[in-house]
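What follows draws every value from the coordinates through simple rules; no lab data is involved. What you see is a predicted model, and the numbers here were worked out from it, not measured in a lab. As a convention, Cβ positions derive from the backbone with ideal geometry for all residues, glycine included, and neighbour counts pool all protein chains shown.
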Amino acid sequence: MMKVKLTPSEFINLKGIEYFQFEEDFIEENMRCIPMVVRFKMDAAGIKLKLAEWSKFHSSERVKLALMPVFTQDETDRYHQYLIGLIAKYTGNQATTIPIDLLPDWGNLHQIPAMLQDKSAALAFQLTIEQWRKLTNIQRFALLKLCRPGHENKNFAKAIAEFGLLNT
């Protein structure tokens with residue numbers, strides 16, 4: 001099978017979003033995976049997006065999904081509508097909805113989730129509550145996504161290094 005050489009993603013130098021260097025390695029089936037900033041916003045909007053759906057979107061639409069704000073309920077509703085519109089446009093299918101977590105673990109600044117503590121311990125790394133609190137929402141979100149069972153350890157290790165957690 002011939003391996004396709006991918007160029008840098010459209011997100012790598014995009015101003016106005018948090019995009020992580022380790023995400024350049026997120027490739028499945030010769031397609032870049034959905035960046036954390038978009039995954040974060042999809043969770044807020046209650047939509048699950050499959051890689052096959054994402055791959056059909058035009059680059060400008062993917063960039064718009066990364067840039068659209070979801071700070072207020074109106075913004076989140078607009079994001080939700082835009083995303084379900086894209087899914088319908090390109091697949092003819094209805095979007096897969098997911099429950100919206102009103103108290104997500106990444107938002108709890110008083111306790112590091114057990115799943116993250118376990119993954120950190122497995123890599124001989126200890127995250128302190130002070131480090132946890134200094135991370136941005138999307139950094140905390142990313143660490144939790146990367147520590148789920150079955151996820152590759154190499155991306156988790158790259159993320160903790162990129163977030164400066166090994167130097168403190």
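For this structure, a couple of remarks:
- √(5λ) per eigenvalue of the Cα gyration tensor, the range 105-162, largest first, Å: 16, 12, 11
- For Glu53, Glu23, Glu75, order by how many other beta-carbon atoms lie within 10 Å, fewest first: Glu75, Glu53, Glu23
- Debye, to nearest 20: dipole size of the chain, +1 on Lys, Arg Cβ, -1 on Asp, Glu Cβ: 280
- Cα gyration tensor category, rounded, prolate or oblate, for the range 1-151 with a/c compared to 1.5: oblate
- In percent, rounded to a whole number, the relative contact order of the range 21-97 is 32, using alpha-carbon pairs under 8 Å and six or more apart.
- Between amide H atoms placed 1.01 Å from N, distances below 5 Å from Thr96 occur with Lys48, all of them 5 or more places distant or on a separate chain.
- Exposure proxy shown here: for Ile34, Ile98, Ile17, the number of other Cβ atoms within 10 Å sets the order, fewest to most, as Ile98, Ile17, Ile34.
- The range 55-150, relative contact order [Cα under 8 Å, separation at least 6], %: 19
- Neighbour counting of Cβ atoms within 10 Å sorts the residues Thr97, Thr72, fewest neighbours leading, into Thr72, Thr97.
- With each label modelled as a point 7 angstrom along the Cα→C-beta vector, the Gln111-Gln94 pair spans 3.6 nm.
- Computed on the Cα atoms alone, the convex hull of the range 43-94 gives a volume of 70 cubic angstrom per residue.
- Helix axis angle, 36-45 relative to the chain longest principal axis, alpha carbon, degrees: 70
- Ellipticity estimate at 222 nm from DSSP helix runs (n ≥ 4, -39,500 (n - 2.57)) divided over the chain, nearest 500: -13500 deg cm²/dmol
- Largest GNM mean-square fluctuation among Ala66, Ala52, Ala124, using the chain with Cα springs under 10 Å: Ala124.
- Candidate lysines for bridging to Lys145, where Cα separation is under 20 Å - those fewer than 8 sequence places away on the same chain excluded: Lys41, Lys48, Lys50, Lys119, Lys134, Lys154, Lys158
- For the chain, the relative contact order works out to 21 percent when only alpha carbon pairs closer than 8 Å and six or more residues apart are counted.
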